[in-house]
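S.K.: First the structure, which I've put down as structure tokens, then a few questions once you've had a look.
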Amino acid sequence: MMGFSELIGYPAAILTTAAFVPQAWKSWRTRDLSGISLPMYALFTLGVGLWLAYGIAIESWPVIAANGSTLARRAWCCG
């Protein structure tokens, strides 16, 4: 049975992970990355990697799933 924190964690993970999908789709479709700041993207990716490591350390599946899928999409989209 899921606890209250997971009931909050999974929707939060889905929403924050999905937040970059429109930008990634537009960049993929147009092949135009000029509107994306490389330093912001690098810091964001580093932060997601650290969140993934944290999720693994605390064994939190919402954190692991959200950040693992976000990193996978980053590698696929802009790898």
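The values are calculated or read from the model by the stated rules, or taken from the named source; none is laboratory data. Quick caveat: nothing in here was measured; it's all calculated off a predicted structure. Reconstructed Cβ throughout: ideal geometry from the backbone, glycine too, with neighbour counts over all protein chains shown.
S.K.: Within the set of pairs 6+ apart or on separate chains, which have a first residue in the range 36-49 that is modelled with pLDDT of 85 or more, a second that is acidic (D, E), and C-beta atoms under 6 Å apart?
M.R.: none
S.K.: So which helices (runs of 4 or more DSSP H) stay within the range 16-79 end to end and still have 1 or more residues that are touching a Ser or Thr at 6+ places or on another chain (Cβ under 7 Å) and over 24 Å from F4 (Cβ atoms)? Let's see the steps before the verdict.
M.R.: Details: elements: 21-30, 38-58, 61-78.
Qualifying helices (runs of 4 or more DSSP H): 38-58, 61-78.
S.K.: I need a count of the residues in the range 1-15 that are acidic (D, E) and either touching a Leu at 6+ places or on another chain (Cβ under 9 Å) or outside any helix (DSSP H, G or I) (or both).
M.R.: Of the residues in the range 1-15, 0 are acidic (D, E) and either touching a Leu at 6+ places or on another chain (Cβ under 9 Å) or outside any helix (DSSP H, G or I) (or both).
S.K.: How do the pairs read when you match residues in the range 5-34 that are surrounded by 11 or more Cβ atoms within 10 Å (Cβ to Cβ) with residues anywhere that are outside any loop (DSSP other than H, G, I, E, B) and among the hydroxyl-bearing types (S, T, Y), using Cβ under 6 Å and keeping only pairs 6 or more apart or on different chains?
M.R.: The qualifying pairs are T17/S69; T17/T70; L33/S27.
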